Every structure is written in C-alpha cells, then in structure tokens.
Amino acid sequence: MTIMNAKQMIQNAREQQYAISAFNTNNLEWTQAILRVAKERQAPTLMAISMGAVKYMGGFKVVANLVRNLDEAMEIDVPIAIHLDHGTFEGAKEAIDAGFTSVMFDGSNLPLAENLTKTAEIVELAKKSNVSVEAEVGSIGGEEDGVVGDGEIAPIDDAIQMAQTGIDFLAAGIGNIHGQYPENWNGLHLDHLSELSTAVSNAVNHPMPIVLHGGSGIPDDQIKQAIQLGVAKVNVNTEAQLAFHQGIRDYVLSNKDLEGKNYDPRKFLKPGFSAIEQALNERIDVFGNANKA
Ligand SMILES: [Zn+2]
C-alpha cells in the first residue's frame with residue numbers, strides 16, 4: 001500500500017527543486033491511466049479529484065476506495081496521495097472522513113479573515129487524521145470568467161498569513177489561470193513568485209512548497225523556472241481532457257471504431273486513455289519527478 005499524505009513527497013520536491021504531478025481523474029480508466037504512468041515513471045503523484053468529479057464518480061467514499069483498491073491491484077510501488085482539489089469547507093471535512101489523504105480547502109473567494117479561520121480549522125482536523133492540507137490565496141482565474149488576459153496576483157502579506165495557519169503547501173496566484181490560456185495571456189509573474197516564495201518560507205522557517213494551478217498550457221520553460229523558485233506541485237487537468245478528447249475524435253474520424261467489435265467500450269475508449277498517458281508522461285518530463293519514489 002503506497003497511499004499516503006502528500007506532505008513528505010512535496011517537501012522533498014521543494015528541497016530538491018522538482019515538482020510533484022497532481023493529475024485530475026474523472027473515472028475508473030482515468031484513475032488507472034494515472035496510476036500506470038506513476039508506476040512506469042516511478043513518479044510520486046497526487047491523484048486529484050475535484051468536487052465535481054467526486055459527485056460524478058459517486059461520492060467521496062467511492063473515490064477513496066477506488067484509488068486504494070486500484071493501488072493494491074496494480075501493485076503500485078510509488079507514493080500516491082488521494083487529494084481533494086478545490087474543496088469547499090464541508091467537502092474537505094467529508095474527504096478527510098472518507099479516507100482522502102490530502103485536501104485542498106479553497107476559501108480564496110472568501111474575505112481573507114474567514115479564509116484564514118476556516119483553513120486553520122481544516123488544518124486542525126486534518127492533522128488528527130494525518131492528512132496534508134493545501135490552501136489558496138489570491139484566487140486563480142478561469143475560463144468561466146470570460147476572456148482573461150491575466151490571472152490574479154496573490155498579495156504577499158496574505159500569503160504569509162496563510163502559510164502561518166500550518167498548511168503543508170500553498171496555492172498562490174502568480175498570473176496563472178485554469179483551463180486554456182488566451183492568446184493575450186501575460187505569462188507567469190516569476191518575480192512575484194520569487195518574492196512570495198522567499199517571504200512565506202522565512203515566515204514559517206522552512207522552504208514552503210508553492211502550488212501552481214492551471215498547469216495546462218503554461219510554456220515548459222516558465223514551469224521549469226517556477227520550479228526553481230519554489231513551485232513543488234503542479235496541477236494538470238485540462239491537458240489530459242484535451243488529449244482524451246482528441247484521441248477519441250481521431251479514432252472516430254478514422255472510422256476504425258466501425259471495425260470488428262470496436263463498439264465495445266473497452267476498445268472504443270482505449271485511444272482516449274492512451275492519449276492521456278502520453279500527455280501525462282510529457283508533463284512528468286517537465287516536472288522532473290520521474291525516479292523520485
Ligand atoms: Zn486549480
């Protein structure tokens with residue numbers, strides 16, 4: 001059993017300047033694809049599940065048990081954390097109860113004082129169950145907000161206060177956004193990241209791992225620079241979704257789905273999941289977390 005909390009793997013990454021991959025899953029085969037890649041590459045990985053995906057897959061217990069059972073059945077031999085992505089306050093508590101080993105409480109849309117209080121409450125609960133905690137300041141934009149040229153930039157004072165709640169890793173906006181990046185995007189604010197990373201690390205007396213959300217579509221060289229400056233976990237969601245979609249689309253348009261018994265979902269969906277594996281492998285090449293088990 002290699003299911004554990006994410007604290008140590010991300011701290012190791014922070015100290016040795018690589019990043020742990022956090023890959024979002026959506027269903028059984030997606031989860032298998034992520035675990036297969038993690039094992040093949042010997043890459044410590046967070047199996048990330050959004051609130052929406054938890055609902056889609058049948059609830060917190062279904063997800064936690066699915067990942068645990070697959071970890072055992074597939075003889076996974078690298079550290080894997082079962083991580084709630086952008087959890088609500090109630091969602092984070094439910095995830096801890098259901099056996100998740102890591103939770104993100106996202107109170108970034110709340111007034112700062114309330115975000116800090118609620119995060120501290122989740123930290124207290126999580127520590128009792130040996131669960132790692134991520135929190136967010138300076139909300140990270142997304143495609144739902146319409147056209148965006150720039151993501152939000154987290155104020156450094158806010159980031160310091162959040163780090164001091166006892167969280168294990170911090171999501172802070174540095175111009176990154178969720179979903180596909182618009183053409184007029186201004187790039188990551190690496191100077192701000194550098195300043196923020198140093199300030200929060202000084203405040204807690206250890207190198208604080210920073211989390212980069214919206215990792216799909218940021219140029220590789222910017223991701224690598226961000227890792228040098230303190231990013232130790234990168235979230236990848238959209239990239240795998242796009243790869244899955246393209247894989248299935250190519251398959252259907254080639255009419256191969258009409259051959260033999262390729263209507264069998266086990267065959268019909270395979271090109272999509274193979275495409276996911278390829279996309280995730282490419283991310284690991286950039287993050288540098290292969291052979292770090
Ligand atoms: Zn995110």
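Every number in this text was worked out from the coordinates using simple rules, so none of it is lab data. As the structure is a prediction and not an experimental result, all values here were calculated from the model. Backbone-built Cβ (ideal geometry, glycine too); neighbour counts: all protein chains shown.
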Largest fluctuation, 90, 15, 277 only, Gaussian network model of the chain with Cα springs under 10 angstrom, belongs to 90
Is there a quick way to get the dipole size of the chain? I mean about its Cα centre, with the Cβ of Lys and Arg at +1 and of Asp and Glu at -1; what is the value in debye to the nearest 20? 1020
Where a ≥ b ≥ c are the square roots of the eigenvalues of the C-alpha gyration tensor, would you call the range 7-287 rounded, which needs a/c under 1.5, or, failing that, prolate if a/b is larger than b/c, or oblate? prolate
Pick out which of 203, 275, 172 has the largest mean-square fluctuation in a Gaussian network model of the chain, springs linking Cα atoms closer than 10 Å. 203
Given the options 19, 188, 269, identify the residue whose Cα lies farthest towards the positive end of the charge dipole of the range 7-287 (+1 on Cβ of Lys, Arg; -1 on Cβ of Asp, Glu). 269
So what is the calculated 222 nm ellipticity per residue for the chain, using -39500 (n - 2.57) for each DSSP H run with n of 4 or more, over all residues, to the nearest 500 deg cm²/dmol? -15000 deg cm²/dmol
Cα shape, the range 1-119, gyration tensor, a/c 1.5 rule: oblate
Partner lysines for residue 55 [C-alpha distance under 23 Å; skip if fewer than 8 residues away on the same chain]: 93, 118
State, as an integer percentage, the relative contact order of the range 182-293 based on alpha-carbon contacts under 8 Å between residues 6 or more apart. 23
Magnitude of the Cβ-charge dipole of the range 1-113, K/R +1 and D/E -1, about the Cα centre, nearest 20 debye? 80
Which whole-number percent is the relative contact order of the range 7-287 (Cα, under 8 Å, 6+ apart)? 19
